[in-house]
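Heads up: the structure comes next, in structure tokens.
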Amino acid sequence: MNAADLKNIKITGGYWKARTDINRTVTLTTEYEQLKITGRYDTFKQIWKEGMPEKPHYFWDSDVAKWIEACAYNLIHHTDTKTEELVDLIIDDIEKAQWEDGYLNSYFTVVEKDKRWTNLLIKHELYCAGHLIEAAVAYNEAIGKKKFLQIMCGYANHIDSVFGPEKGKLHGYPGHEEIELALVKLYKATNEKRYLKLAEFFVTERGKQPSYFDWEEKQNTGLLRYNRKKGTTKPYSYVQAQAPVAEQTAIEGHSVRALYYLAGVADIAEHTGNMDLLEACERLYENMVNKRMYITGGVGSTPDIERFSFDYDLPNETAYAETCAAIASVFFCNRMLNITKDGKYADTMELALHNGVMAGISLDGTEFFYANPLATDTRAVDEETLEFKAHMGYKRRKWFGCACCPPNIARLLSSLGLYFYSYDCNGIYINLYGSSEFSHEGMLLTQITNYPWDENIKIRVGCDGGCSKKIALRIPGWCRKLSIRIISRNVSAEFKKGYAYLERIWHDGDEIDLFLKMPVEKMQAHPHVRHNTGKTALKRGPVVYCIEEEDNGKNLSSLVLRSNDEFQSIYDDNFLGGCVYLTGPAYRLSEKEFSGMLYRPYSPDYEKVEIKAIPYAMWTNRTPGDMLIWLNII
Ligand SMILES: [Zn+2]
């Protein structure tokens, strides 16, 4: 099925309207201020000289590009001349910064002028190019201004003249993937086949032996190479280049790179019909969701170079689970969903969105998490016992030296509608639930719901005369009880791979009522996840819950649940921007008999208490403190 056009989709109410409105009205402005303060906004002016502050960094272009992309999507439905002006000013700078041969990179133009394309493993040139291409495509599609797209076509043509399988070209590929999926977008925007061929080259060349990165190192001695701990360089699994993707059996290395790459692999599989690539995507997806993904949809277990570690290694307090990785998972899963029409990909996408992604931004839209741990003891963070502290913590930050996450979440939220709907020649697919409208070929579908807090979703059909398109409703994998009624009558539907297909002649004003029962579930991790043995996590629908110090005091790990106790779900419009929180009984291990001792013979003395759990995505929006997702259970 096809991804819908954002122009035909509007988020109209409920949870996602609130979050996307804040993104548009607050987040983009705060991010612009940070881009300006840190020198990124003006980086394409190319005025930096040795000795000056704000030395451009080799990934700065990508931060600016993601912000432009986010602005572009917002301009589709919201005229904003000030933002448009700010974007146009950067595009003028970008145009001036482009070399005669099409090359374009603000770092290599002023900092390492004679080093273009010499360190693909580390220096992010192709990654930055990819983000600039994505931004240019989005800006053109949003408001029809072609200048940026033309600049980026010039750059893509240059890249095509440098890289490829032909003799005389570099047989290299980026250390940080991104250009692959961007070139496919450029191909779709321009219909220029050589962009697709170049993307295919980058996808399939990766991992071939002998390694390009070995060759590169020999050509250019003294290159910066990561050298922290194991698995960093050779055999290049850190950058998914340990083998061609068609031969890979597990998702490895840097989690954002792995998932941007797989998004590109899925694109190439779709456009070339290469089944080996599609099978690789499916295989690595299964490895990820069944052995390497947090219950929040976050991925990347270790801050040691922000990577996947090994099967069932999912530590909570030191989880990295970078916001960008959850976002990249959404990108990848959405592509796989559209290729396969299999709702399992939408399940993973929804899980990541509601938990691993949204934990990355504060409710007021001004602060961000880079890493998203599943448990926090503030003392451990304050004592600096956590590795890679710059990205870990229990307070969101306004910005980061490596600022990939803030503009990434902004562009995802401003294009969120894309993930709600798809279509094919037979009908329309509703992939995600939330108040919204989708118009397609004479039909207008209107969702009215306060999902994920509400179990009911009303879908109103608008059309002129009778319309026979199928409407496919996604039935989430977590849902065990549901009902579907059309015009207040129960109907039977054809259920296939996570969708209920409704087929009839639709008339204007027809209403579908979908009910997805959302009991509070006590979840259990696979026994091989050593960190969660004897523990449970509370989940309701797609939303994972956590407990916070603010509601439940310190020493959260001394709390124990009982398997038969029930939890209540309560919606409060005035709590954390409006959400369902949970309350229920727990048992706190008593300290009384310890009398100051550290150890004593085992004696299970508990005090009964009432605990309150909040959506994990909303943690640390009040007083920052300890947090816990996985609770003891007996
Ligand atoms: Zn990031």
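A short reminder: the numbers here are calculations on the coordinates, not readings from a lab. Since the model is a prediction, treat every value here as computed from it, not as a measurement. A quick note on method: Cβ atoms are made from the backbone with ideal geometry, for glycine too, and the neighbour counts reach across all protein chains shown.
Order these peptides, 158-169, 87-98, by their mean beta-carbon neighbour count within 10 angstrom, highest first.
Most protected by this proxy first, the peptides run 87-98, 158-169.
Give me a comma-separated list of calculated 3J(HN,Hα) values for the range 298-312, in order, Karplus coefficients 6.51, -1.76, 1.60 applied at θ = phi - 60°, integers in Hz, x for any Gly or Pro.
Calculated HN-Hα couplings, in order: x, 9, x, 7, 10, x, 5, 6, 6, 10, 5, 10, 9, 3, 6 Hz.
Using modelled backbone amide H atoms (1.01 Å from N, in-plane), which distant-in-sequence or interchain residues come within less than 5 Å of Asn555's amide H?
none
Would you kindly calculate the mean projected area, averaged across all directions, of the convex hull enclosing the Cα atoms of the range 449-489, in square nanometres?
The orientation-averaged projected area of the Cα hull of the range 449-489 comes to 4.0 nm².
Which residues' amide hydrogens lie under 5 Å from the amide hydrogen of Glu322, considering only partners 5 or more residues apart or on another chain, with H built in the peptide plane?
Close amide H contacts, sequence-distant or interchain: Val299, Asn372.
Counting only C-alpha contacts under 8 Å and six or more residues apart, can you give the relative contact order of the chain as a whole percent? Working shown, then result.
On the way: 1297 pairs, mean separation 81.0, N = 634.
Reported relative contact order: 13 percent.
I need the semi-axes of the equivalent ellipsoid of the range 142-229: take the C-alpha gyration tensor, multiply each eigenvalue by 5, square-root it, list largest first in whole angstrom.
28, 15, 12
Short version: ³J(HN,Hα) in whole Hz for each residue of the range 177-191, in order, from phi by Karplus 6.51 cos²θ - 1.76 cosθ + 1.60 (θ = phi - 60°), x for Gly and Pro, what are they?
Listing the rounded values in order: 5, 2, 5, 4, 5, 5, 5, 5, 4, 5, 4, 5, 6, 10, 6 Hz.
log₁₀ I(q)/I(0) of the range 2-419 at q = 0.06, 0.09, 0.10, 0.13 Å⁻¹, via Debye over equal Cα point scatterers, no solvent, to two decimals?
Treating every Cα as an identical point scatterer, log10 I(q)/I(0) equals -0.21, -0.50, -0.63, -1.16.
Excluding Thr43 itself, what net charge comes from residues whose Cβ is under 13 Å from its Cβ, given Lys and Arg +1 and Asp and Glu -1?
Its environment carries a net charge of 0.
Around Trp506, which amide H atoms from residues at least 5 apart in sequence, or from another chain, sit under 5 Å from its own amide H, with H modelled in the peptide plane?
Cys467, Ser468, Lys469
Return one quarter of the surface area of the convex hull spanned by the alpha-carbon atoms of the range 91-249, equal to its mean projected area, in nm².
10.3 nm²
From the phi angles alone, apply the Karplus equation (6.51, -1.76, 1.60; θ = phi - 60°) to the range 56-62 and give each ³J(HN,Hα) in whole Hz, x where the residue is Gly or Pro.
For the range 56-62, the Karplus-derived couplings read x, 9, 6, 10, 4, 4, 5 Hz, x marking Gly and Pro.
For Ile295, Ile634, Ile22, what ranking results if the residue with the fewest other Cβ atoms within 10 Å of its Cβ goes first? Kindly include the intermediate steps, with their values, before the conclusion.
Details: Ile295 22, Ile634 11, Ile22 19.
Starting with the residue having the fewest Cβ neighbours, the order is Ile634, Ile22, Ile295.
Which order do the peptides 463-475, 408-420 come out in when sorted by mean C-beta neighbours inside 10 angstrom, highest first?
Final packing ranking: 408-420, 463-475.
Radius of gyration and Dmax for the range 521-633's Cα atoms, expressed in Å?
Reported Rg and Dmax, both Å: 14.8, 47.
Taking N as the number of residues in the range 158-295, what is its alpha-carbon radius of gyration divided by 2.2 N^0.38 Å?
Compactness ratio reported: 1.06.
How do His131, His176 rank when sorted from fewest to most other Cβ atoms within 10 Å of their own Cβ?
With the fewest neighbours first, His131, His176 line up as His176, His131.
Once every DSSP H run of n ≥ 4 in the chain is given -39500 (n - 2.57) and the sum is divided by its residues, what mean residue ellipticity at 222 nm do you get, rounded to the nearest 500 deg cm²/dmol? Write out the running numbers ahead of the final one.
Details: 17 runs with 204 residues, N = 634.
Per the formula, -10000 deg cm²/dmol.
Please work out the Cα convex hull volume for the range 30-122 and give it in Å³ per residue.
Numbers: hull volume 10.5 nm³, N = 93.
Here the figure is 113 Å³ per residue.
For the range 81-127, just run the numbers: alpha carbon Rg, then divide by 2.2 N^0.38 Å, N being how many residues it has.
1.38
Which order do His77, His391 fall in if you start with the one that has the fewest other Cβ atoms within 10 Å?
Arranged by neighbour count, lowest to highest, His77, His391 become His77, His391.
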